[in-house]
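Quick one: the structure is below, questions incoming.
Please treat every number below as a calculation from the coordinates, not as lab data. The shown structure was predicted, so the numbers you read here are calculated from the model rather than taken from an experiment. Because the Cβ atoms are built from the backbone with ideal geometry, glycine has one as well, and the counts that use them run over all protein chains shown.
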Amino acid sequence: MKKIQIVKPLLLIAAVVLSAFNGYSQMSLRSDGIDNLNFQYQISSIDEFIGRFNDAVKNPQAESALGGLFDIKRIADNQEILVDSATNFIMKMSDSQVKLDFTDKDWFALVECVGSMQGKEVSFNLYLTVESLDNGVTRWVISHADGQLFELLPGDQSGHLSISPTDHELNFTSLVEITNKQKREISQLLAVTNPLNQSSVFCTLVYYGLLKLTRIKDITFQFYQVPDYVFSVRNFPREDSNAGWLISDWKKTSASDKKAIFSCLRPRPDLRPQSEDNREDVFRPIPMDADSAIAVVRNFVTDINSYYNTRNPLILEKIRQTISGVYLFTADGCKILSVASLDPPLGSTHWQLLLKGIFSPDFKGRSCRVNYLRVEDDSNLTQRGRFTVVSGELIVDGLQNLTEPVLFYLHGDKIAGIRPKNLIK
């Protein structure tokens with residue numbers, strides 16, 4: 001039987017395939033001829049998908065060949081919404097002539113896992129990327145773990161738990177009481193420069209036998225190689241020729257967002273001053289031009305707004321990376337951080353409250369934006385000469401609304417601090 005040619009526009013793709021199999025999604029496939037055809041054209045593995053993708057982009061009829069890599073049923077069920085965008089995506093793939101390779105650094109596997117911990121079923125995600133070693137060996141590695149059980153958020157969000165500055169005189173005996181009686185608050189004792197790492201929590205739970213991975217619920221492969229796009233590939237185990245590992249979703253995305261995602265999955269180790277060195281002596285300012293500094297701040301606030309709307313853990317990790325520089329410092333009296341704590345403290349607060357408060361599921365923020373950005377002359381500001389300082393009007397709308405003139409302190413492309421402008425003299 002001759003292979004059915006799938007051509008654009010994708011409205012025709014769906015019509016051709018559906019009519020050829022007389023409504024394949026509902027048909028009982030018993031004919032040996034149809035069974036053989038199905039077996040021949042089903043994509044049985046992700047390696048086979050990569051091979052067919054590469055063959056398709058070499059084909060002069062790339063648009064029709066690439067069309068066969070899509071989940072046609074989804075397009076057919078959503079023709080008005082998906083046909084045009086899928087057609088544009090196919091043309092981009094064909095024009096770019098991008099080829100996929102297993103060793104590419106710009107794709108990953110999102111593995112949805114089910115496990116058990118303390119007798120209860122738990123769900124979490126693992127992000128796996130491909131790592132190439134110096135000896136030529138290539139392997140999958142866990143680049144990020146994501147799940148509520150790895151967050152270790154304190155039950156008391158006030159941030160009042162601390163080790164007294166005089167506790168060294170008592171041989172730090174408060175550590176014994178805190179770790180035994182206030183286990184859920186232990187993360188409040190971490191240094192601002194030492195945030196929780198969910199992957200480390202995952203490894204610790206598995207290492208001590210507290211968490212067992214019982215089954216893999218689903219796998220999605222995310223490919224970022226096509227310019228201006230990201231697309232997902234999932235397995236559709238059904239009885240027709242359009243089955244197996246197929247493109248299930250696609251969307252436009254910028255090069256900067258792609259870079260940010262993989263900087264989260266492959267973060268560079270922070271270069272911190274040696275303990276025996278004086279912090280002032282080892283500080284190295286990293287100046288930025290005005291346009292670049294403003295872009296960092298604008299992207300930071302845009303990511304916050306995006307996280308409000310999507311609750312995407314990768315966006316949250318991108319935000320963490322933006323503020324995970326070496327030289328973080330306390331921000332006194334800043335309203336946005338007070339709002340973030342959900343229980344505004346009387347004294348100063350810091351970046352950890354921002355991460356644990358304003359990004360928590362309990363915070364009812366609807367939008368976040370910043371206006372009037374400009375680089376300030378920091379000669380009359382605190383921390384002068386050490387950071388690039390960007391001022392702006394920060395606005396958060398939600399359960400509690402605020403508008404506040406603030407200063408963002410940048411060390412290179414990292415945001416080291418934020419302070420209210422009206423408190424700086």
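If you filter the range 156-255 for chymotrypsin sites (Phe, Trp or Tyr not before Pro), then keep DSSP loop positions with at most 10 other Cβ within 10 Å, what is left?
Filter output for the range 156-255: Tyr208.
Still on this structure, please answer the following. Could you tell me which of rounded, prolate or oblate describes the range 50-117, using a ≥ b ≥ c as the square roots of the eigenvalues of the alpha-carbon gyration tensor, with rounded for a/c under 1.5 and, failing that, prolate when a/b is larger than b/c and oblate otherwise?
Working: a/c = 2.59, a/b = 1.29, b/c = 2.01.
In terms of gyration-tensor shape, oblate.
Hey, another quick one. Can you tell me the FRET efficiency between Ser367 and Val137 if r is taken as the Cβ-Cβ distance and R0 is 56 Å, rounded to the nearest 0.05? Mind dumping the intermediate values first?
Details: r = 47 Å, r/R0 = 0.84.
Result of the calculation: an efficiency of 0.75.
Here's something else I'd like to know. By how many nm would the segment from Ser45 to Ser199 lengthen if fully extended, with 0.36 nm per residue of separation less the alpha-carbon distance?
52.7 nm
Where does the range 174-221 land on Rg(C-alpha)/(2.2 N^0.38 Å)?
The reported ratio for this selection is 1.57.
Taking 0.36 nm per residue of separation and subtracting the Cα-Cα distance, what length does fully extending Ser187 through Ser263 add?
Taking Ser187 through Ser263 to full extension adds about 24.9 nm, to one decimal.
Let me ask you something else. Among 134-142, 45-53, 86-94, how do they line up by average Cβ neighbours within 10 Å per residue, starting with the highest?
For the peptides 134-142, 45-53, 86-94, the packing ranking is 86-94, 45-53, 134-142.
Can you classify the range 88-141 as rounded, prolate or oblate using the Cα gyration tensor, where a ≥ b ≥ c are the square roots of its eigenvalues, rounded means a/c under 1.5, and otherwise it's prolate if a/b beats b/c and oblate if not?
Verdict is oblate for the range 88-141.
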